[in-house]
Amino acid sequence: MSEVRYTDQHEWVRLDGDEATVGITKYAAESLGDVVFVELPASGKSVTAGGEAAVVESVKAASDIYAPAGGTVTGANAALEKEPSKVNEDPEGAGWFFKMTLTDKGEFAKLMDSAAYAKFVESL
Amino acid sequence: MSMNNQGRPSSAGEAFPASIATISGDRGLDHEEALIFELGHGATGVDLPDVKISDARLGGVRRKAAIGLPGLSEPEVIRHYVRLSRMNYAIDAGLYPLGSCTMKHNPRLNEKMARLPGFGDLHPLAPQSTTQGALELISQLMNWLTTLTGMPAVAMSPKAGAHGELCGLLAIRAAIAARGENRKRILVPESAHGTNPATAAFAGFTVDEVPAKPNGHVDAEALKAKLGPDVAAIMLTNPNTCGLFEGEIIEIAKAVHDAGAYFYCDGANFNAIAGKVRPGDLGIDAMHINLHKTFSTPHGGGGPGAGPVVLSHRLSAYAPVPLLVADGAGLRLIEDQTAVPQGARPFGRMCAFHGQMGMFTRALTYMLSHGRDGVRQASEDAVLSANYILASLKDVMSAPFGDGPCMHEALFDDSFLEGTGVTTLDFAKAMIDEGYHPMTMYFPLVVHGAMLIEPTESESKASLDRFIHVLHGLATEARAKKTERFAGAPHLAPRRRLDETAAARKPVLRWKPEPIKAAAE
Amino acid sequence: MRYLPLTAEDRRAMLAKIGAPDVDALFRDVPKSALAPLSAFDLPDTQGELEVERAMSRLAAKNVAAGAAPFFCGAGAYKHHVPSAVDHLIQRSEFLTSYTPYQPEIAQGTLQYLFEFQSQVALLTGMEVANASLYDGSTATAEAVLMAQRITKRGKAVLSGGLHPHYAETVETVASLAGVVSRSPVTPGSAEDIIALIDDETACVVVQSPDVFGLIRNLRPIADAAHAKGALLIAVVTEIVSLGLLESPGAQGADIVAAEGQSIGNGLNFGGPYVGLFATREKFLRQVPGRLCGETVDAEARRGYVLTLSTREQHIRREKATSNICTNSGLCCLAFTIHLSLLGEEGLARLARINHAKAGALADRLAALPGVEVVTNAFFNEFTVKLPKPAAAIVEALVQKGVIAGVPASRLLPREKACENLLILAATETNTDDDFDALIQAIKDVI
């Protein structure tokens, strides 16, 4: 059973068993504008919660994407290299950024669920 | 009397619809222009003899393949570039309200002086006995810069403002190393121009951001709290990028020095205070001066610039080579880092040769033309004009710091556009249709949808009034949610809005020849 | 004052609108102690055009212009004939007084010529992509080294002994912040064994060709050796006209080309402003410093140009930018591209052949002088001779005879004893047989 949670940096994380998939939310994608380039982490890279994991660029801005929890990157969405527009078209599906294993699933549990995230976005 | 029966009508005649599709694709004086590669046809714009040479002394590296450059005659080349030029806005043609860029008039005398053969046709490595006039020019310019800033020394070689920032930070780095210390942190306000943190990182430091207060000034208390034995320097712009003079600057400088750190001042906004305030009296250690801003050397579509850096006693020893010295024989450039005068410890060299001489000539001509009284008057007029704009527009636009006077630039934000459906970008693009280059947009980052307007002292009151009238009109319409002129603006420029997304997703950065089609068709 | 349009009446009306009693009220945030009176500035007052022109002309007259004497200086800056159309065109208001093309709808003139410039530079250097210029060849070389360090994630940069010493010093000043910069020994007139200095820690090898002594280098073996160790070859060109006759660095395997464009379109100007050319492989595009101009379309599907990939640059990436550079060389870039458009393929090729022929003729005449040895056996338009006495003193003596004989190597390498008697001479299309006669005669008289 997969579960999706959210960070206050507008990343979503979907946990399927031991593997987590990470991307940016619709709200983030809309704020960024047209995505033109994505810099993805290499497999094997270890990340900490809140540490820089990827970079997403629009024409006028470059934003860091932070790892939602600590762990190791297992793969990245190579399709984004040729078609960064996927991030705008389907940010919470086909526009995913990278997959990782989590060192501590407890960190995942601490993140916001979709209701809490929706409230968070409203408050901004 | 004999009558001329060959007259022709001279009234305006019937008005046809304004836009007719033309056969050429051009529109009156607005010509479309192809790429030089598409126009080339094997002609030539120069007459050079066809000399045959042997390969014997070419090291076996003679070019075998053609380069692929287009060939055109002189009339075709001139027409090409004249047509391109006509697609550009320019200060000579209209007001450029770009904040922090100081788009002032570029005096033509400056161009004439820079082209005197004694300056323009002079080799940097010619024997120094043959270049004394050039060295004297540099010396005079150095005197103007140090006198106007109240600083003891100036490094002339940096090629632009950002290059000057690097020079200043490298001098600071050298000074710290000379003390045997290791300070890695540089404090930079969040309102700073991007070159500040970029340069700090380039010079090997880590950047620590200092917040701005709600009134647009740097938070001096927060700044002082961040000082410590690992802080190398602060980088402040004064007047700051919100167009305000940092009144606490002397206290800040003292705190910085007490903490063993250095004070770098970004001199981009010197046009507000030149001839009126000396940065040296404020306690700064280094400041680059953008000759292409404050001292009128032309912006040239993006360059060249020049960024000499004035230095305090704490830093002057570390100025990079070349150093200009006077001895019995005259003036002399010292280029050898090991042959510098006693006490000099240059951190290295910023670039080949001596600096942007072409810009020095223009800047000194400007200074001699204005004199100290003219420089002072220019600063006062620049500040007066910006305040006139602020006072005239703050009722209809939103000025976050509009309660008090500004310096040479006035800052507005997009609060007045809230709920109208018009963004800062739309507003700016609509200015293009009105015949104006937009102001600086979305900078500084400390206010939302920033619009930074710097008129400079070169605008007449009539020009300012006209500008104010247009902006007043645009703001009024936007607030009334009459969005037609804003949506999809500009409508009247040589190009409509351009697809910057496509340009970034699939970069096409050069012309490429079409593959040659097969002969049989 | 002729550049200030506001009259006293205007100022009064404006102050009234603002509601300030005088202009000093607008400076109220300035600490009183920091407001300087006019008398604090020991500088002259306003002067009219006539006086200023007189003062500047007097300074200019104290210099010996290159065109005023037989002239043979090179070593990184070259005297070429720039067609009259170039200077005329760059002084058009719309080029001279326009700003960086951040509003592309009203800057297509600038953007299109930048696109054409980038294309010309890519073709000349034989590389896939070029930027819209950097300040000059020396800072372009430094940026190339930093870029190579970023790409390879290695710190070691090896600089050829033939690299212009000012360029080497510039590289050392910035690149040593990110790694170790080492210079291989100076071997005037012969190629040093730089391949032996490349190892697994090397980020890049920097080789200038023709080098500072004029020697043409074969880059292909160096490129291969660098690539075998995972390092990059940075090729430096200080005399860009040489590419009209010599194989491009790209064709020889260079990864980055850093060059000085001054020879085309731009005068000597005592060292600046010049124009840095920067070209590389497409796969390194995101690491390129400086501005890039790209093709796109507008809302009416018409072709147009914009600055692009700006997220590499300081105004967006701030401390993570690929460089801190903000300006490019704008007008110098334009002068370069106009001159190259006038030259075209055939004109550049002829210009290059003429330069080589002139230098060859001069070298032969010098070699015939007793005591003078031509040290460079493969050159473009510049070569080095060994004189029987220190070259700097000979050059000074030749100045007294009205000849500017070239650059003594000791001016650039004062601590290299082996360079003391070496003189670097350039001959271009601007030199005549009379110049050569004058030089030969003067040298005979002096040595």
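Derivation of every value follows stated rules applied to the coordinates shown; laboratory data play no part. Since the model is a prediction, treat every value here as computed from it, not as a measurement. Cβ sites come from the backbone with ideal geometry, for glycine too, and all protein chains shown count toward neighbours.
For the range C:241-272, which residues satisfy the criterion of being among the charged types (D, E, K, R), within 11 Å of another protein chain (Cβ to nearest Cβ) and more than 19 Å from B:Gly68 (Cα to Cα)? Break it down into steps so the answer makes sense when it comes.
If we filter the range C:241-272 for residues that are among the charged types (D, E, K, R), which is where we start, we get C:247, C:255, C:260.
Filter once more, so that each one left must be within 11 Å of another protein chain (Cβ to nearest Cβ): C:247, C:260.
Correct list: C:Glu260 only.
Only one of the numbered conditions (1) within 9 Å of chain C (Cβ to nearest Cβ); (2) surrounded by fewer than 24 Cβ atoms within 10 Å (Cβ to Cβ); (3) closer than 30 Å to C:Val236 by Cα; (4) touching a helix residue (DSSP H, G or I) at 6+ places or on another chain (Cβ under 9 Å) is violated by B:Arg376, and that is (3). Checking C:Ala65, C:Ala8 one by one, the residue that is more than 26 Å from B:Glu74 (Cα to Cα), among the small types (Gly, Ala, Ser) and at the interface with chain B (Cβ under 7 Å from one of its Cβ atoms) is C:Ala65 and no other. Considered as a group, the residues in the range C:21-35 that are out of contact with any Pro (no Cβ under 6 Å at 6 or more places or on another chain) and surrounded by 19 or more Cβ atoms within 10 Å (Cβ to Cβ) include one that is farthest from B:Leu282 (Cα to Cα), and that residue is C:Val23.
Given the options C:Glu295, C:Glu345, name the one that is among the acidic types (Asp, Glu), outside any helix (DSSP H, G or I), closer than 30 Å to C:Asp255 by Cβ and at the interface with another protein chain (Cβ under 7 Å from one of its Cβ atoms). C:Glu295 is the lone residue from the list that is among the acidic types (Asp, Glu), outside any helix (DSSP H, G or I), closer than 30 Å to C:Asp255 by Cβ and at the interface with another protein chain (Cβ under 7 Å from one of its Cβ atoms).
A residue that is out of contact with any Leu (no Cβ under 7 Å at 6 or more places or on another chain), within 30 Å of C:Glu345 (Cβ to Cβ) and either surrounded by 24 or more Cβ atoms within 10 Å (Cβ to Cβ) or free of Cβ contacts under 8 Å to residues at least 40 places away in the same chain (or both) occurs somewhere in the range C:165-179. For the range B:66-76, enumerate the residues that are facing chain C (nearest Cβ under 7 Å) and free of Cβ contacts under 8 Å to residues at least 40 places away in the same chain. Answer for the range B:66-76, where residues must be facing chain C (nearest Cβ under 7 Å) and free of Cβ contacts under 8 Å to residues at least 40 places away in the same chain: B:Ala66, B:Ile67, B:Leu69, B:Pro70, B:Gly71, B:Leu72, B:Glu74.
With respect to being surrounded by 21 or more Cβ atoms within 10 Å (Cβ to Cβ) and at the interface with chain B (Cβ under 9 Å from one of its Cβ atoms), C:Gln108 fits the description. Of the residues contained in the range B:78-100, none is found to be more than 7 Å from chain C (Cβ to nearest Cβ), over 28 Å from B:Ala382 (Cα atoms) and hydroxyl-bearing (Ser, Thr, Tyr).
Per-residue answers, yes or no, for (1) acidic (Asp, Glu); (2) under 25 Å from the mean Cα position of the chain (by Cα); (3) part of a loop (DSSP other than H, G, I, E, B):
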{"residue": "B:Val446", "(1), (2), (3)": "no, yes, yes"}
{"residue": "B:His472", "(1), (2), (3)": "no, no, no"}
{"residue": "B:Phe486", "(1), (2), (3)": "no, no, yes"}
{"residue": "B:Pro513", "(1), (2), (3)": "no, no, yes"}
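The requirement of being hydrophobic (A, V, I, L, M, F, W, C), more than 27 Å from C:Gln118 (Cβ to Cβ) and buried (at least 22 other Cβ atoms within 10 Å of the Cβ) is fulfilled nowhere in the range C:204-211; no residue meets it. Out of all the residues in the range A:17-33, is one or more in a strand (DSSP E or B), in contact with a helix residue (DSSP H, G or I) (Cβ under 8 Å, 6 or more places away or on another chain) and either more than 25 Å from C:Lys320 (Cα to Cα) or among the polar types (S, T, N, Q) (or both)? Checked against the condition, which is being in a strand (DSSP E or B), in contact with a helix residue (DSSP H, G or I) (Cβ under 8 Å, 6 or more places away or on another chain) and either more than 25 Å from C:Lys320 (Cα to Cα) or among the polar types (S, T, N, Q) (or both), the range A:17-33 yields at least one hit.
For B:His408, the stated conditions do not hold, so it cannot be described as under 22 Å from B:Asn196 (Cβ atoms), in a loop (DSSP other than H, G, I, E, B) and touching a strand residue (DSSP E or B) at 6+ places or on another chain (Cβ under 8 Å).
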